[in-house]
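Here, each number is a calculation from the coordinates, and none is a lab measurement. Fair warning: this is a prediction, and the values are worked out from it, not measured in the lab. We place every Cβ from the backbone using ideal geometry, glycine too, and count neighbours over all the protein chains shown.
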Amino acid sequence: MRGLARSSHLAILILGLAASGAAAQNPSDQPIDLGKAGDLQTITGEDQHSLAISGFGVGDYSYDGRTGTNSAAAGKLAVSLFRELTDNLYLFGQLTTAISDEEGGEPATEIEIDNLLVSYTPARLTSLSLTFGTLDAPLGFERDDEVLLLTPTTSFNFELGRPSKLTGLFGTWSLSPRVDLTGMVANGWDSPLDPNKGKTVGARLGLLPAERSSLGLSLLYGSEGPADSTNNRLLLDADYAFQPGLGWIVAGEANYAKDYDLPGGGDARWSGAMLLVHRQLARRFGIAARAEVLDDHDGARTGLPQTLTSWTIVPIYSIGVGREGIFANIQHTTYRIPRFQLRGEIRVNHSNQPFFETSGEPSQWGVQYTVQLVTTF
């Protein structure tokens, strides 16, 4: 009888647990399972494509060897945002804050939309990408962000010979792993808003002739100037970069440009070239050297017919390796941008005309000394 009682109690316990399990499995008592239709993260988009924030800061001390003018400045802070909206659509924007005294008055802090673009790659045509917005002109080697350079200053060719920014529509077609073609329809040179009714059109053919080497051939043509006094402008540009050995970079660009039918009558042309060599001497030490020439034959870019040359040497001390993203590599190279850089620059400028300011009369020679700190985050 005692065994029978124990068996009855055990049977009742098993039946109770079974009933509880059945009740727990009742769909009406369970949260909605979205596993098959997509979980909550899928519905809201949370964490599917995360927002990436990066940026850089620049501080420097500069000294003009001919005028004695010198200044220290915490001069620039840039923040960039990158977000994949879908697997084939992304958004990139960069706000840059910089101190400027170009007008010769009190220094002012300026904030500009340095880059803002939306890029789309068709799902069934992954060799094609379409980009709309403001971005670095897809030609030449140098860029206007100090973190993407190997020297504290940019060359005359970059500043005067070609545009640094373009705003418009760009399409890049990868013809093969070693060849790509970019076409563009944009506002004029460095024009966030078009000052006239015309547009600038252009193309760049990019080649990878060998491992760790690149070559680009570009053409731009379009109207420049305000609406009441426009003229057509042509630019031919070639850029190159190759790494002949471990720790070496040889890069540069050359350009030829011409303004047609200027409002005052006649044409104007200019041409130039720049060569840069960088050598990583040790883990934290490197050195860069740059030489260039810019022939402003008709004075269209400087206001004086002249030939400008400059020679620059830059020792570099660096710490760490930067993060991924837009500030990860020097363009067209495998050089990883350090987390922190201390650069010292000696730049000697020359003109065949008295052009550079001194404490007295203008001179054919100019000397600049710069110490620059650049950090990425």
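Structure values in brief
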quantity	calculated
Modelled FRET efficiency - R0 45 Å, L208 with A108, Cβ distances, 0.05 increments	0.55
Gaussian network model of the chain, Cα within-10 Å springs - most flexible of F156, F132, F285	F285
The chain: most fluctuating residue of L281, L205, L139 per GNM, C-alpha cutoff 10 Å	L281
Length-normalised contact order for region 256-361 - Cα pairs under 8 Å, 6+ apart - percent	20
Count of Lys pairs (Cα-Cα under 26 Å; at least 8 positions apart or interchain) in the chain	6
Selected from A203, A74, A238 as most flexible by GNM, with the chain as the system and alpha-carbon contacts under 10 Å	A74
Length released on extending from L193 to F340, taking residue separation times 0.36 nm less the Cα-Cα span	49.4 nm
Using a Förster distance of 41 Å, the FRET efficiency for V321-H297 (Cβ separation, nearest 0.05)	0.40
Karplus (6.51, -1.76, 1.60) ³J(HN,Hα), θ = phi - 60°, over region 285-299, in Hz, Gly and Pro reported as x	10, x, 8, 10, 9, 9, 9, 7, 9, 9, 9, 8, 4, 10, x
Relative contact order computed over the chain (Cα-Cα under 8 Å; 6+ residues apart), in percent	13
Amide H contacts under 5 Å for Y335, placed H, 5+ residues apart	I330
The chain: radius of gyration over Cα atoms, expressed as a fraction of 2.2 N^0.38 Å	1.41
Gain upon complete extension [I287, T154; 0.36 nm per residue less C-alpha separation]	46.3 nm
For region 91-210, convex hull of alpha carbons as volume per residue, Å³	142
Estimated FRET transfer efficiency when R0 is 25 angstrom, pair N352-Y256 (beta carbons, to 0.05)	0.85
Distance histogram in 10 Å bins (all Cα pairs of region 243-368, percent per bin)	11, 30, 27, 22, 9, 1
Cβ crowding within 10 Å averaged over residues, with 158-164, 303-309 ranked highest first	158-164, 303-309
Degrees between helix 2-24 axis and first principal axis of the chain (Cα, 0 to 90, nearest 10)	40
R124 versus L304: modelled label distance in nm, points set 7 Å from Cα along the beta carbon direction	6.2
